[in-house]
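The values are calculated or read from the model by the stated rules, or taken from the named source; none is laboratory data. This is a predicted model, so every value here is computed, not measured. Neighbour counts are summed over all protein chains in view; Cβ atoms, including those assigned to glycine, are modelled from backbone coordinates with ideal geometry. Side chains included, ligands, DNA and RNA excluded: accessible areas come from the protein's heavy atoms. Shrake-Rupley method; radii C 1.70, N 1.55, O 1.52, S 1.80 Å.
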Amino acid sequence: MPNVWTHSIYGEILLERLSLTGILEGDPALGPLFRFGCQGPDPLFYHRFFPWTKTESARSDALGGLLHKSRCGAFLRNLLQGCDGAAPNDPRAVYALGWLAHHALDRIAHPFVFARQGEKKRDHQRLETAIDTYVAERLRGVDTSRAPVRPTLDAGKTLPGGVAKLVEDAVRRTYPESDTPFLDGLWQRSYRDMLTAFSLFHDPSGLKTKLLAGAIEPFVPGRRDAALDPMNDRRALWSPPADKIKTSQESFWDVWERALDDGERLLGAAAAWLAASRAGGGGAADAGDAWRAFEAALGDLSYETGLASDR
């Protein structure tokens, strides 16, 4: 997973390219909600992230891994179908489009991250945090070491407009083996815990990192690691871990452009179906065509490899 700033900026650019920024108007919570949607399943990895809550965090981590690797297309279809007939600025539709943007970027960019991460514990997070630094600086003029990310995701004390139920219902339909009491309220808890985590990780002075003996170091925004060339500007050869025969010298910026093209097709198809689903009546045939176009753009691909997801 590219990190928070990268996912949010990617989603915002897709809305701009598709002339869909109007869906965020009318309610100040919709912008943060969309950007939270752009984090996809990742909030599960922040659920009960403190060391003394390992039992709960292990369960949410397992579900997060499942959503990234298994039945990915089915889950995303169920998520979008939960928005059938929704108005353009319905929180559920806004959020679902954000989640689809997360998937579109992950399935293209994740192989780059896995191929180029180091071998130490948390090197995956270190690379993603460094990528965040360069993406936010170049595309938004944001210094992530200074600008807190939490306000960009904070849609209020509770997720608005049935969003938590939308996610939990899609999980139940797609992964019935996960339909346990633990799922009840999980998405709201994960949302709050993710916000708390990013308040903790915001450390422009470095004091919290020192006081916590470096425990949060991989997650603190503002990393550069220029010597490690996180964006592969020097175009070193790399191979996707899931396809060692394939090689590439792409930089992250090359991967980014491919992901934007793919994401524009996917979000455009999703938005077209949402519009057709609102038409009703004689628009039923159009909605069917639009749904098939969405399914074709979506496929059934793993967030981690960009290849067919597990069943």
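Side notes on the structure shown:
- Scan of region 176-205 for residues that are open to solvent by less than 20 Å² (accessible area, probe 1.4 Å) and over 19 Å from the mean Cα position of the chain (by Cα), ordered by number: 183, 203
- Sole exception among (1) in a loop (DSSP other than H, G, I, E, B); (2) among the hydrophobic types (A, V, I, L, M, F, W, C); (3) at pLDDT below 95 for residue 227, by number: (1)
- Failed item, numbered, when residue 276 is tested on (1) under 20 Å from residue 18 (Cα atoms); (2) surrounded by 17 or more Cβ atoms within 10 Å (Cβ to Cβ); (3) under 22 Å from the mean Cα position of the chain (by Cα): (3)
- Hits in region 80-109 - residues which are among the small types (Gly, Ala, Ser), part of a helix (DSSP H, G or I) and touching a Leu at 6+ places or on another chain (Cβ under 7 Å): 93, 96, 101, 104
- Every listed requirement among (1) assigned to a helix (DSSP H, G or I); (2) without any contact (Cβ under 8 Å) to a residue 40 or more places away in the chain; (3) open to solvent by 30 Å² or more (accessible area, probe 1.4 Å) is met by residue 164 save one, (3).
- From the list 133, 144, the lone residue that is part of a helix (DSSP H, G or I), modelled with pLDDT of 95 or more and in contact with a Gly (Cβ under 8 Å, 6 or more places away or on another chain) is 133.
- Selection within region 35-56 - small (Gly, Ala, Ser) and in a loop (DSSP other than H, G, I, E, B): 40
- Flag for residue 64 being in a helix (DSSP H, G or I), farther than 16 Å from residue 104 by Cβ and open to solvent by less than 10 Å² (accessible area, probe 1.4 Å): yes
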